Amino acid sequence: MLFGFIIVKIVNNYMTSEFNIPLSESLRNPSPEIVVLSNASEVDKKAFDILSRVISEKPNAVLTLATGSSPLGLYKLMIDARLDLKNVITRNLDEYWPLSKENPQSYSRFMKDNLFDHVNIPEENRNIPDCETADPEAEVARYQAVLKRTGPSDLTILGIGPGLTCHIAFNERGSDENSRTRLVKIDPDTVKANARFFDGDENRVPQMAITQGIADILESRKIILIAKGFSKAEGIKRTLEGTIGPDAPASFLRNHPDVTFILDKEAASLLGTNIDRFIRSLLQENDSLMCAGNCRNSISEIDKQVKNKFPGINTKILAYPDARTGMGVHYSLLIVSKEKNTIVNPVSAPGFPEYVGEESSAPPMFSQMRPVSEVI
Ligand code: F6R
């Protein structure tokens, strides 16, 4: 808890007093706003702030909604806040096909259980593709007409698919930027990931779905994408740092003028071109944790916290001076555990050394890294 607080405090310091460059700025590539928060509940709160602002400005807002674990916390906050949603119109992104509506895994049931049964959105204002239809092509045409009649969305809430699928809604790899609502085959990697909701049995996961297309999603006035956890890190990196194209459908969001990626630090952990190289090189070394940066008191405080949190793991604190002032500056803070093979807590920032490796072969910036005690 305290540990999380310190990290947030460092990020806040970074964002305000010392540099005046928001952390998100360093990750901007090229246009989306990227907000990295310390934990999943902060992510939910941020998404809720955006949603409640949209609704207070426009009580009859049109919302495009996702299912799955990503928006669950947001839906809970909407329920708890007793927002007045009586004039809101919703259009869900997608639905399995074919599946019984009563199947607990159908998205229509998910929406009832996790939102609709607990808020005052009138039934006639809720739209979701029909998973029971015998004629999916007719259902696609009906849903396209629903989208047209209800007009562009004021806010679209997205999650991102597992691994490197980078899907949004059920727009799997290969989806075109101009794609519209249609019947699609679900990517085998998604089927595998979603089997966890079907008693681990891939054969029970429907192979098809009706989904809004990328073009439908991009018509929204505002979009937020919520991603939490390490399992989303690779996909987020591919989406934000790879080329924009159909092999990573979420990357098309970078063409939208008002999209915010709301990430917890795990989902953001591979972002930053140098960070992952650095982490990989660290993972080849001993089991150790490393904090790099300055923040003087905070860094030693973090060291204390790390030692408490991971007893038995060595920690090492390094600081490197700011080129401008010659004093330590928290360009970056990384804590890496080989034992757990995970990045425990990375915070990336601009100015990170281009190369990290043997000190003797490193450029000046890295070779200037010294134990923090020598710097402060
Ligand atoms: C669901 C949807 C999907 C999910 C994605 C992430 O309506 O559109 O694209 O957002 O598969 O799922 P979770 O949030 O369960 O990780």
| Being away from the ligand (no atom under 16 Å from the Cβ), of a type in the set (A, V, I, L, M, F, W, C) and either at pLDDT below 95 or within 24 Å of ILE50 (Cβ to Cβ) (or both), is that true of even one residue in the range 109-117? | no
| request: Pick out the one residue from GLY151, GLY68 that is touching a residue at least 60 places away in the same chain (Cβ under 8 Å) and loosely packed, with under 14 Cβ neighbours inside 10 Å. | output: GLY151
| message | With the requirement that a residue be within 16 Å of the ligand (Cβ to nearest atom), over 17 Å from ILE223 (Cβ atoms) and touching a residue at least 40 places away in the same chain (Cβ under 8 Å), what does the range 83-103 give you? | response | GLU95, TYR96, TRP97, LEU99
| said: Test of understanding: among PRO246, PRO257, which residue is surrounded by fewer than 19 Cβ atoms within 10 Å (Cβ to Cβ), at pLDDT 95 or above and of a type outside the set (Lys, Arg)? | reply: PRO246
| request: Look through GLU132, GLU123, GLU57 and report the one residue that is of a type outside the set (Lys, Arg), out of contact with any strand residue (DSSP E or B) (no Cβ under 8 Å at 6 or more places or on another chain) and either crowded, with 22+ Cβ neighbours inside 10 Å or closer than 28 Å to ASP264 by Cβ (or both). | output: GLU57
| remark: Within the range 92-123, residues polar (S, T, N, Q) and under 26 Å from the mean Cα position of the chain (by Cα) come out as ASN92, GLN105, SER106, SER108, ASN114
| remark: Residue hits (the range 183-218; in contact with a Leu (Cβ under 8 Å, 6 or more places away or on another chain) and either under 24 Å from ILE50 (Cα atoms) or basic (Lys, Arg) (or both)) are GLN212, ASP216, ILE217, LEU218
| remark: Residue hits (the range 157-176; at pLDDT 95 or above, near the ligand (Cβ under 7 Å from one of its atoms) and not aliphatic (A, V, I, L, M)) are GLY159, GLY161, HIS167, PHE170
| message | Can you go through SER41, SER52 and tell me which one is open to solvent by 10 Å² or more (accessible area, probe 1.4 Å) and under 23 Å from GLU219 (Cβ atoms)? | response | SER52
| note | Within the range 40-72, the residues that are within 16 Å of the ligand (Cβ to nearest atom) and part of a loop (DSSP other than H, G, I, E, B) are ALA66, THR67, GLY68, SER69, SER70, PRO71
| request: Mind listing whichever residues of the range 184-207 are within 15 Å of the ligand (Cβ to nearest atom), out of contact with any His (no Cβ under 8 Å at 6 or more places or on another chain) and open to solvent by less than 60 Å² (accessible area, probe 1.4 Å)? | output: VAL184, ILE186, VAL191, ALA193, ASN194, ALA195, PHE198, VAL205, PRO206
| task | Could you check, for the range 74-82, whether at least one of its residues is away from the ligand (no atom under 14 Å from the Cβ), buried (at least 20 other Cβ atoms within 10 Å of the Cβ) and outside any loop (DSSP other than H, G, I, E, B)? | result | yes
| task | Could you please let me know if ASN171 is touching a Gly at 6+ places or on another chain (Cβ under 8 Å), under 22 Å from VAL140 (Cα atoms) and either surrounded by fewer than 22 Cβ atoms within 10 Å (Cβ to Cβ) or among the β-branched types (Val, Ile, Thr) (or both)? | result | no
| query | Among ILE236, ILE210, ILE224, ILE217, which is the only one that is assigned to a helix (DSSP H, G or I), at pLDDT 95 or above and within 13 Å of the ligand (Cβ to nearest atom)? | reply | ILE217
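The values are calculated or read from the model by the stated rules, or taken from the named source; none is laboratory data. Note that the coordinates shown come from a computational prediction; the quantities given were computed from them, not determined experimentally. Don't worry about glycine lacking a Cβ; one is built from the backbone with ideal geometry, like all the others, and counts go over all protein chains shown. For accessibility, only protein heavy atoms count, side chains too; no ligands or nucleic acids. Shrake-Rupley method; radii C 1.70, N 1.55, O 1.52, S 1.80 Å.
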